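Scroll down for the structure; my scribbles are underneath it.
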Amino acid sequence: MKLITLAAVAAITFTTSAFGNESIIPVSQEIKDTTVNLRDKAIKDDSAYEILKSLTTEVGARHPGTPGEKAGIEWGVNKLKTLGFDKVYTEDVKMNGWLRGIETAEILLPSYQKMVITTLGRSKSTPKGGLEAEIVHFKSYADLEKATDGSLKGKIAFISKRMEKFKDGAGYGPAVIARSKGHELAAQKGAEALLIRSIGTDDHRNPHTGSTNVAMGYTAVPAIALSNPDADQLIRLIDYGHTPKIRLNVQTQDLGPIVTKNVIGEITGREFPDEVVVIGGHLDSWDLGTGAVDDGAGVAIAMATAALIKNNTKERPRRTIRVILWGAEELGLIGARAYAKARQEDGTIANHVIGSESDFGAGPIYGLQSSSNVSDNALHVIDTMASLMGTLGVSRRSGDTTGGPDMIPLSKLGVPALKLMQDGTDYFDLHHTPDDTFDKVNPEHMRQNVAAWTVFTYIAAEWPGSFK
Ligand SMILES: [Zn+2]
């Protein structure tokens, strides 16, 4: 109650001072004209789609510790150079690697059936040849919490909660706890393994992989996701009064310490080269598909945006545009955390003017949201961005944002952020599955994304005022 009152008073004070404040710096007509010109070029430009085609075809999956990841990093450096970025470099990031191996599952009783599964990130292996046990069904993580500790000895805990589909991905949060922390809870209850319904919204026979809350080593028990139709099959058997007995065999490998990289390309600012606008996507991907919507699309959108601005303006924008192809996002924002920590230590965090990441697939953008730490004196700039995105079907939205997963560590250190909100209705049909491939991406949507990103990025780099 007290907090709300104080915040309300603060808001009124700031608003009042902002209205009477001569220090508000307008977005000049020249900036607006250039922005419109860039936007209208971007909407006809297929370079992001072409970049994505190259990444997903000539490289493919980019899971840390694999040759694909190495090839992806090389691809990133070469592509940024080819696109004419002023500065291209990489930064080493230390992490612990993990690889999947064999993964099979069968229903043994009461009716034989092969199931389609995938191993979750950093899962430990089952005994060689697999483990056979009856499953115990829980409708949610919360239901498994209610079981008595140690009561699942010799059993496999099965959590069947289904992720709900929303445009903004709001179903992910409530469902994903089963994936991230279910293994610990299953171990606490004495289970031999954790089996979850995939965190995904499709009805195809594709399992969805994803990370657990383990940073190094292995999960407490083997942790496995099965496709939605296979989860439904188990539930039907249970509804008929059976206790299904299944065999799970997953073999995985802890790679120990490995090095990944953030790949960085810059368009150097003409007036304030040390001030940076950060945009990007994550270069790593899960290993099942080719990482097209997660997050090759984001990588391609950011690269194409910066290149388009460089190629279609007489001079470089005032500030530096720093495109970061983040490393090892999927295993816990590892590249992003290392980047933010290094900037905090060397003091350059203060030079980060504003940032955003594209990491929600390749659907069209419909909204523009800003973080609550954007100064009242700069809100009119965000409104201008939104209005110049209006022809693209984008409108200004309320709420707070960290600007995307890899922006979270920077956001925590006070860097203002924007979110270019994408329609993610179908995103979790594909997310972390073998179906995350280039053919799912609509070139028209990619152009619309780059057009909106161009508006944000150019104005952020060219408008001379402060967002803080
Ligand atoms: Zn992602």
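The values are calculated or read from the model by the stated rules, or taken from the named source; none is laboratory data. Quick caveat, the model's predicted, so the values are computed rather than measured. Cβ atoms come from the backbone with ideal geometry, glycine included; neighbour counts cover every protein chain shown.
Quick notes
- Unmet requirement for ILE408, which otherwise passes all of (1) among the aliphatic types (A, V, I, L, M); (2) within 24 Å of THR201 (Cα to Cα); (3) within 16 Å of the ligand (Cβ to nearest atom): (2)
Residue-by-condition table, conditions (1) part of a loop (DSSP other than H, G, I, E, B); (2) modelled with pLDDT of 95 or more; (3) in contact with a strand residue (DSSP E or B) (Cβ under 9 Å, 6 or more places away or on another chain):
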{"position": "ALA7", "(1), (2), (3)": "no, no, no"}
{"position": "SER23", "(1), (2), (3)": "yes, no, no"}
{"position": "VAL36", "(1), (2), (3)": "no, yes, no"}
{"position": "LYS44", "(1), (2), (3)": "yes, yes, no"}
{"position": "PHE85", "(1), (2), (3)": "yes, yes, yes"}
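- Qualifying residue in region 95-111 (condition: part of a loop (DSSP other than H, G, I, E, B) and out of contact with any helix residue (DSSP H, G or I) (no Cβ under 6 Å at 6 or more places or on another chain)): yes
- Hits in region 133-149 - residues which are of a type in the set (Gly, Ala, Ser) and either in contact with a helix residue (DSSP H, G or I) (Cβ under 8 Å, 6 or more places away or on another chain) or part of a loop (DSSP other than H, G, I, E, B) (or both): SER140, ALA147
- Region 324-357, residues that are under 30 Å from TYR427 (Cβ atoms) and touching a Leu at 6+ places or on another chain (Cβ under 7 Å): LEU325, TRP326, GLY327, ALA340, HIS352, ILE354, GLY355, SER356
- GLY403 away from the ligand (no atom under 16 Å from the Cβ) and modelled with pLDDT of 95 or more: no
Residues checked against (1) within 16 Å of the ligand (Cβ to nearest atom); (2) in contact with a helix residue (DSSP H, G or I) (Cβ under 8 Å, 6 or more places away or on another chain):
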residue	(1), (2)
GLY399	no, no
LYS419	yes, no
HIS432	yes, yes
ASP436	yes, yes
VAL441	yes, yes
MET446	no, yes
VAL450	no, yes
VAL455	no, yes
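- Checked against the criterion of being away from the ligand (no atom under 16 Å from the Cβ) and small (Gly, Ala, Ser), the candidates GLY269, GLY298, GLY281 yield just one match: GLY269.
- Yes/no for ALA336 being among the small types (Gly, Ala, Ser) and surrounded by 24 or more Cβ atoms within 10 Å (Cβ to Cβ): yes
- Members of region 69-117 that are crowded, with 20+ Cβ neighbours inside 10 Å and of a type in the set (Gly, Ala, Ser): GLY72, GLY76, GLY97, ALA105
- Residue satisfying all of: in region 111-134; basic (Lys, Arg) and over 27 Å from the mean Cα position of the chain (by Cα); nearest to HIS63 (Cα to Cα) among these: LYS128
- Hey, ALA328 within 14 Å of the ligand (Cβ to nearest atom), over 25 Å from LYS167 (Cα atoms) and in a loop (DSSP other than H, G, I, E, B) or not: yes
- All of ALA340, ALA362, ALA336 fail the test of being within 16 Å of the ligand (Cβ to nearest atom), outside any strand (DSSP E or B) and out of contact with any Phe, Trp or Tyr (no Cβ under 7 Å at 6 or more places or on another chain), apart from ALA362.
- Given (1) touching a helix residue (DSSP H, G or I) at 6+ places or on another chain (Cβ under 7 Å); (2) of a type in the set (D, E, K, R); (3) crowded, with 24+ Cβ neighbours inside 10 Å, number of the condition ASP295 does not satisfy: (1)
- Of all residues making up region 233-258, the number that are surrounded by 15 or more Cβ atoms within 10 Å (Cβ to Cβ) and under 17 Å from TYR112 (Cβ atoms): 11
- Which numbered condition LYS70 misses (of (1) more than 19 Å from ALA362 (Cα to Cα); (2) in contact with a Ser or Thr (Cβ under 7 Å, 6 or more places away or on another chain)): (2)
Residues are listed down the side, and each one gets a yes or a no for (1) farther than 30 Å from VAL116 by Cα; (2) surrounded by fewer than 20 Cβ atoms within 10 Å (Cβ to Cβ); (3) without any contact (Cβ under 8 Å) to a residue 60 or more places away in the chain:
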site: ARG396; (1), (2), (3): yes, yes, yes
site: VAL415; (1), (2), (3): yes, no, no
site: LEU418; (1), (2), (3): yes, no, no
site: ASP426; (1), (2), (3): no, yes, no
site: ASP436; (1), (2), (3): no, no, no
